[in-house]
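One structure is given below, encoded as structure tokens.
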Amino acid sequence: MITKTIEPILDRALSGDDISPAEGVELLQQTAPEAIALIRDTADKLRHQQAGDTVTYVINRNINFTNICEQHCSFCAFRRDAGEAGSYWLEWGQILEKATDAVQRGATEICMQGGLHPTAKIDGKSLSYYLHLVKTIKAEFPQLHLHAFSPQEVQFIAREDGLSYATVIAALRDAGVGSMPGTAAEVLDDDVRRILCPEKINTATWLEIVSTAHKLGLPTTSTMLSGHIETPQQQIRHLEHLRSLQQIAIERQYPTKITEFILLPFVGQEAPKPLRKRVGRDQPVLADALLLTAVARIYLGKWIPNHQPSWVKLGLAGATTALEWGCNDIGGTLMEEHITTMAGAVGGTCMEVDTLQTAIASLNRPYRQRDTLYGNLI
């Protein structure tokens with residue numbers, strides 16, 4: 001009898017219909033093992049329908065070019081003030097050295113993000129600095145896909161230089177940025193954001209910048225930082241924003257859209273004490289992350305077919321399990337990772353290709369290397 005209330009919801013999802021926000025909350029509030037198993041099985045069936053059985057991965061490298069940041073997000077253990085112990089700002093030669101190493105190790109993508117550094121300017125212009133970051137890599141390695149600069153970074157550049165978001169995005173695109181990370185989303189609910197990241201852009205601005213990127217031909221990803229102070233209702237509100245954003249891009253025939261959804265469970269071990277104390281644990285709760293992973297697949301439906309867990313946050317075993325809860329991609333090799341690791345994550349900072357392949361094969365699923373936009377490579 002417990003599953004009777006959710007079976008009609010899941011049946012409609014399997015038939016290709018969008019479920020409502022209230023129905024999404026209903027799924028997230030299930031606690032009975034048989035109900036959760038049914039949600040998991042539905043998400044896995046939808047993954048099969050929408051993305052097939054092959055699990056993909058990308059060979060990429062993170063470059064976090066500075067951790068000096070003007071903002072003070074309550075979850076962030078990465079940021080530093082200029083001159084503070086542990087602060088850094090990479091020089092051009094160091095960035096090129098990291099890109100060179102990535103190419104030598106087979107990378108097709110560089111993911112580049114950093115703190116909001118107020119003095120990171122060239123000739124007094126923030127945009128000039130970011131364009132030079134791009135050109136430093138693209139001049140040497142034009143074949144690399146640059147997945148770079150979040151909506152928050154776009155807003156920061158626009159504010160510093162008095163430019164429109166469209167001007168900043170078009171300049172980055174023309175310089176060689178291939179796609180925009182859908183980070184800085186955290187939870188797209190302003191009640192949460194006022195506590196979690198009060199200095200960051202609000203929900204409407206995040207949505208505006210991502211939609212502008214789609215209009216201008218720059219694909220984006222999408223993320224959610226989960227498992228801290230947000231409620232199931234706020235989690236579903238976040239997913240509703242993403243689904244609506246994707247529907248707009250498709251219905252208005254924008255040249256690009258969201259390529260994937262990535263759940264980022266909160267790691268609090270080294271987070272600032274007030275939020276850490278409020279959350280009350282250091283590492284993600286795998287069961288909670290898996291349920292939300294499944295509901296995200298069900299809620300986003302056919303609109304965003306690619307779903308990825310975070311092995312950095314969940315560990316490889318947890319991320320592999322997520323492949324049975326609706327995910328079809330296991331992410332990238334990363335080669336180095338600072339933001340989550342400095343928060344106390346235990347998943348590691350680098351994953352070898354054969355390690356990812358072995359994890360996928362343990363589920364008797366085939367694997368395939370992809371490019372950033374989910375095109376076939378091997």
Subset of the stretch 173-218 [modelled with pLDDT of 95 or more, of a type in the set (Asp, Glu) and out of contact with any helix residue (DSSP H, G or I) (no Cβ under 6 Å at 6 or more places or on another chain)]:
174, 191, 208
Which of the residues spanning the stretch 79-114 are touching an Asp or Glu at 6+ places or on another chain (Cβ under 8 Å), in a loop (DSSP other than H, G, I, E, B) and open to solvent by less than 30 Å² (accessible area, probe 1.4 Å)?
114
Could you tell me whether the stretch 65-78 includes any residue that is farther than 30 Å from residue 28 by Cβ, among the charged types (D, E, K, R) and open to solvent by 50 Å² or more (accessible area, probe 1.4 Å)?
yes
The stretch 84-107 residues that are of a type in the set (S, T, N, Q), paired with ones that are part of a loop (DSSP other than H, G, I, E, B) and open to solvent by 40 Å² or more (accessible area, probe 1.4 Å) (beta carbon under 9 Å, 6 or more apart)
87/81; 100/140
Kindly list the number of the only condition in (1) out of contact with any Leu (no Cβ under 7 Å at 6 or more places or on another chain); (2) open to solvent by 10 Å² or more (accessible area, probe 1.4 Å) that fails for residue 62.
(1)
Give just the number: which of (1) more than 18 Å from residue 62 (Cα to Cα); (2) outside any helix (DSSP H, G or I); (3) open to solvent by less than 10 Å² (accessible area, probe 1.4 Å) does residue 118 not satisfy?
(3)
Within the stretch 225-238, considering residues that are surrounded by 23 or more Cβ atoms within 10 Å (Cβ to Cβ) and under 18 Å from residue 18 (Cβ atoms), the one farthest from the chain's Cα centre (by Cα)
236
Scanning the stretch 1-60 residue by residue, those on the phi > 0 side of the Ramachandran plot and in a helix (DSSP H, G or I) turn out to be none
Check 175, 170, 185 and return the single one that is hydrophobic (A, V, I, L, M, F, W, C), crowded, with 19+ Cβ neighbours inside 10 Å, touching a residue at least 24 places away in the same chain (Cβ under 8 Å) and under 29 Å from residue 59 (Cβ atoms).
185
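The values are calculated or read from the model by the stated rules, or taken from the named source; none is laboratory data. The structure displayed is predicted, hence computed values, not measured ones. Note that each Cβ is placed from the backbone with ideal geometry, even for glycine, and that neighbours are counted across all protein chains shown. Heavy atoms of the whole protein, side chains included, go into the accessibility calculation; ligands, DNA and RNA do not. Shrake-Rupley method; radii C 1.70, N 1.55, O 1.52, S 1.80 Å.
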